[in-house]
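Handing you a structure now.
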């Protein structure tokens with residue numbers, strides 16, 4: 001499991017090949033991680049997002065697309081739309097898993113070896129982090145087991161509480177808490 005790390009910090013400061021953005025379906029930026037990435041990365045990210053949306057209409061939940069990283073230390077940004085929490089009876093776990101795995105699939109396709117994730121869907125989308133963390137760790141671990149091309153995945157968490165939840169999930173190997 002040493003290929004997976006839990007880090008307390010700012011995802012926009014990570015010196016990795018690609019960071020993942022917890023985006024909304026319009027890819028037009030927003031609050032939380034999404035807003036921070038767009039602000040720090042600069043207007044070139046938004047311009048690329050506009051071109052993608054022109055082609056596809058909107059980014060479906062559980063899917064991912066890639067743009068360059070603009071002014072970020074990371075060369076690229078993978079944008080994924082996680083599920084909005086609806087109480088757990090709307091396939092949220094399956095969709096959240098897909099968000100992580102589709103992001104990693106894109107990283108692999110683009111030969112990006114070091115990936116940083118935020119805690120997808122646990123902010124404005126309301127997914128309880130105690131439920132999201134084991135899904136995230138399990139999804140990443142399963143992908144890495146089959147794909148040695150990815151060298152490192154970091155979960156970059158901005159507060160101690162979320163960090164602790166992910167650290168515990170990693171210790172348990174992604175099993176339910």
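Based on alpha-carbon centroids, what's the gap between segment 5-39 and segment 116-177 in Å, whole number please?
With segment 5-39 and segment 116-177 each reduced to a Cα centre, they are spaced 15 Å.
Run the numbers for residue 75 and residue 3: contour at 0.36 nm per residue of separation, minus the present Cα-Cα distance, in nm.
Details: separation 72, 0.36 × 72 = 25.92 nm, distance 2.00 nm.
Taking residue 75 through residue 3 to full extension adds about 23.9 nm, to one decimal.
Counting pairs of alpha carbon atoms under 8 Å apart in space and at least six apart in sequence, what relative contact order in percent does the chain give?
Numbers: 367 pairs, mean separation 51.0, N = 177.
With pairs under 8 Å counted, the relative contact order is 29 percent.
A follow-up question, please. Nearest 500 deg cm²/dmol is fine: what mean residue ellipticity at 222 nm does the chain get from its DSSP H runs of n ≥ 4 alone, each adding -39,500 (n - 2.57), divided by its residue count?
Values: 5 runs with 72 residues, N = 177.
Rounded to the nearest 500, the figure is -13000 deg cm²/dmol.
Which ordering of 143, 117 is given by a fewest-first count of other beta-carbon atoms within 10 Å?
In increasing order of surrounding Cβ atoms, one gets 143, 117.
Report for segment 4-171 the percent antiparallel among DSSP-assigned beta bridges with both residues inside it, nearest 5. The partial results should precede the final answer.
Details: 5 of 21 bridges.
Close to 25 percent.
Going by C-beta contacts inside 10 Å, put 157, 8 in order with the fewest on the left.
Working: 157 25, 8 15.
With the sparsest Cβ surroundings first, the list reads 8, 157.
Can you sort 92, 149 by how many other beta carbons sit within 10 Å, fewest first?
On the way: 92 25, 149 12.
Starting with the residue having the fewest Cβ neighbours, the order is 149, 92.
Hey, another quick one. I want to check the label-to-label distance for residue 53 and residue 111. Put each point 7 Å from Cα in the C-beta direction and report it in nm to one decimal.
A separation of 3.2 nm, rounded to one decimal place.
Coordinate-derived values only; no laboratory data. Only a predicted model underlies this, so the values are computations on that prediction, with no experimental measurement involved. No Cβ is skipped: glycine too gets one built from the backbone with ideal geometry, and neighbour counts run over all protein chains shown.
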